[in-house]
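Since every read-out is calculated from the coordinates, none of them should be taken as a lab result. Since the structure is predicted, the reported quantities are computational estimates derived from the model, not experimental observations. We place every Cβ from the backbone using ideal geometry, glycine too, and count neighbours over all the protein chains shown.
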Amino acid sequence: MKPVRIAVFPVGGLGTRFLPATKAMPKEMLPIVDKPLIQYAVEEARAAGIEEIIFVTGRGKTAIEDHFDYAAELEQVLSSREKNGILTELREIPGPPGSISYTRQQEPLGLGHAVWCARHLVHNEPFAVLLADDLIKSDVPCLKQMVDAYEQVGGNIVAVTEVPQEHTNRYGIVAPGARKDRLVEIKGLVEKPKPEEAPSRTAVIGRYILQPVVLDILSNQQSGAGGEIQLTDAIAKALTVIPTHGFHFEGTRFDCGDKAGHVMANIAFALEREDIGADVRQYIARLQLT
Ligand code: UTP
């Protein structure tokens, strides 16, 4: 079984749910405390053994490229002020030279289309897909948990979580088969079903390990729910040829493409910080008293 070395980060979406913040700034650059969402996702991928990173960008996303580069003038100032801690942190963000590639999705035609835009950069090997706006707070990074599971069962693996019945129309929903520990067989997949038509409440979230055949399927994929080319539809088509599992990850997922989810993630991450956690906790306690 080939190891998972490559990760695709689709960052071409418009982020309309987060306007006006995302008018001129990529949604993936929204910070949780002081770190952009995309950096959390890249760190998670590297912790899972990913060596090659592919960003599928779009118009207005150049801030992401700048973030994963050295910043000479800024570094000079930090160095002259002897701010060595943050300087070292900044120098680690880009990773090894040449380990990040960029391609562009000219039109936001959907997640499946964004992933397909990376087809020439994904060699004929399994690859991960991470959606940075799904931020997962866990002891073991979510993608690492999935890679460990992948080494047992292979095939396609998608991260899943249970969602309220009334939210099934926001997700790809699984028709589940047998479950063993954290892995559940996937018998079918439906994109954004109405609550009354959903085969379960088990929803696919933004972490995937996929076989390259999914890219071949995407080459012929028609648009689906919402007029977009859906990744879920391509994974559903691959079910007959590739064993596919849902993975119930350990951890808490925050939908940071949604304003409430983003605020909650900020609180959860801030409370654990040594530098600001106590102040934030005190403030929340004060709010509860009033
Ligand atoms: P979303 O479904 O959250 O869509 O995309 P969006 O356009 O970014 O945001 P809203 O719904 O308008 O607020 C999930 C992930 O897929 C990427 C997004 O950048 C995000 O990381 N995506 C989505 C693309 O790269 N291209 C697309 O055409 C659509």
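The count of lysine pairs in the chain that are at least 8 places apart or cross chains, and whose C-alpha atoms lie under 17 Å apart, stands at 11. Amide H contacts of residue 104: 57, each under 5 Å away and 5 or more positions distant or on a separate chain (H built 1.01 Å from N in the peptide plane; Pro and chain starts excluded). The H on the amide N of residue 230, modeled in the peptide plane, is under 5 Å from the matching H of 112, 224, each at least 5 residues off or on a different chain.
Please label the shape of region 25-75 as rounded, prolate or oblate, based on the square roots a ≥ b ≥ c of the eigenvalues of the alpha-carbon gyration tensor (a/c under 1.5 means rounded; beyond that, a/b larger than b/c means prolate, else oblate).
rounded
Each Lys or Arg adds one and each Asp or Glu takes one away; over the other residues whose Cβ falls under 14 Å from the Cβ of residue 210, this sums to +2.
Net charge around residue 232, counting only other residues with Cβ within less than 11 Å of its Cβ (Lys, Arg = +1; Asp, Glu = -1)? After counting each charged neighbour, the total is -1.
Remark: region 83-100, residue by residue, has Karplus-estimated 3J(HN,Hα) of 8, 6, x, 5, 4, 4, 4, 5, 5, 7, 4, x, x, x, x, x, 8, 10 Hz, where x stands for each Gly or Pro and the curve is 6.51 cos²θ - 1.76 cosθ + 1.60 at θ = phi - 60°. With a/c under 1.5 counting as rounded, go ahead and sort region 147-217 into rounded, prolate or oblate using the C-alpha gyration tensor (a ≥ b ≥ c being the square roots of the eigenvalues; past the cut-off, prolate if a/b is larger than b/c, else oblate). Taking the square roots of the gyration eigenvalues as a ≥ b ≥ c, region 147-217 is prolate. Considering only 143, 118, 174, and ranking their Cα positions along the charge dipole of region 56-192 that arises from unit charges at the beta-carbon of Lys, Arg, Asp and Glu, the one farthest toward the positive end is 174. Under 5 Å between amide hydrogens, built in the peptide plane, is the criterion, and for residue 191 it picks out 173 among residues at least 5 positions away or on other chains. Karplus-based coupling profile of region 232-245, in residue order and whole Hz: 4, 4, 5, 5, 4, 5, 6, 4, 6, 10, 10, x, 10, 10, with θ = phi - 60° in 6.51 cos²θ - 1.76 cosθ + 1.60 and x standing for Gly or Pro. Here the chain has an Rg and Dmax of 19.4, 62 Å, counting Cα atoms alone.
A helix-only calculation puts the chain at -9000 deg cm²/dmol for mean residue ellipticity at 222 nm, using -39500 (n - 2.57) for each DSSP H run of at least four residues, averaged over all residues. Coupling constants for region 125-136 follow from the phi torsions by the Karplus curve (6.51 cos²θ - 1.76 cosθ + 1.60, θ = phi - 60°), and in residue order they are 8, x, 9, 9, 10, 10, 9, 5, 6, 8, 9, 10 Hz; glycine and proline get x. All other residues with a Cβ under 13 Å from the Cβ of residue 24 taken together, and with Lys, Arg as +1 and Asp, Glu as -1, what is their net charge? Overall, the nearby charge balance is +4. On a 0 to 90 degree scale, rounded to 10, what angle separates helix 37-47 from the longest Cα axis of the chain? Long axis of 37-47 versus the principal axis of the chain: about 70 degrees.
Given axes a ≥ b ≥ c from the Cα gyration tensor, I'd like to know whether region 1-139 is rounded (a/c under 1.5), prolate (a/b larger than b/c) or oblate.
oblate
Here the simple spin-label model places points 7 Å from the Cα toward Cβ, and for residue 287 and residue 271 these points are separated by 1.1 nm.
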